[in-house]
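One structure below.
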Amino acid sequence: MNRRAWASLGLALALWARAAAGEMADAPVELIDVSVQSRSDGVRVDVKTSGPPRYRSELMDGPYRLVLDLEDALYHWTVGPLAVDIDPVKTIRGGQFRTNVARLVIELTREVPYRVEAHSRGVRVLLGTGQASAPATEARVSPPDAPKPALPWRLQGTVLRADGSTAYIADAATNEVKIYRVGDAIGDGVVDTIEERYVVLRTPRGPVELRMEELPPARAPRR
């Protein structure tokens, strides 16, 4: 084989390797297993994945539950729903919430602080310990009559998409509206969660929630 043939073969192999690497990078992460461990300071839930996960978490009430969404992920855990009954965890269930979102739901007996830690092979959820990572579990509560400080931003609207939701947020001082996605910087924080009528910002002072302003009901014209 001459030099030109060897060069052509080497180029073809290099292109094939690059394409294979790209396909591997774009391959969705798989949610493989879930395990629960009781600790002296709470409960630890380990979520095992096939690679580094991208996630969003939200503590919801009615009933209380922690919702964990893994983006660009496939749900391959075949055990659930799993009855735990280790306070504050009741059961753990999940499924393929969207085409590219695997959802895990941790049903709780009550509202508790929690912390989510991601690593190269999954997500670790610590319940009942540490600082909360959702606005519903903020440690500091203002007195009922204390006025809340005005936020420097206003949520104008959101657009929910499977390939990445967007939020339209206005600067309260200039009224300038910009488009944000999860992970984008805003002020001294970042956008953590985008939902239909609210957005959660992660800041050094803790979570900050921006909600859509409710429009007043229209008044009937006087006759």
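The table for this structure:
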quantity: Amide H partners (placed H, <5 Å) of residue 184, local residues excluded; calculated: 191
quantity: Region 153-211: mean projected area of Cα convex hull, nm²; calculated: 3.6
quantity: Distant-in-sequence amide H partners of residue 122 (H built 1.01 Å from N, under 5 Å); calculated: 49
quantity: Dipole moment magnitude, nearest 20 debye, region 153-211 about Cα centre, only Lys, Arg, Asp, Glu C-beta charged; calculated: 80
quantity: Check: region 29-134 dipole with +1 on Lys, Arg Cβ and -1 on Asp, Glu Cβ, in debye; calculated: 100
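Only the coordinates and a few stated rules stand behind these numbers; no lab work does. As the structure is a prediction and not an experimental result, all values here were calculated from the model. Neighbour counts are summed over all protein chains in view; Cβ atoms, including those assigned to glycine, are modelled from backbone coordinates with ideal geometry.
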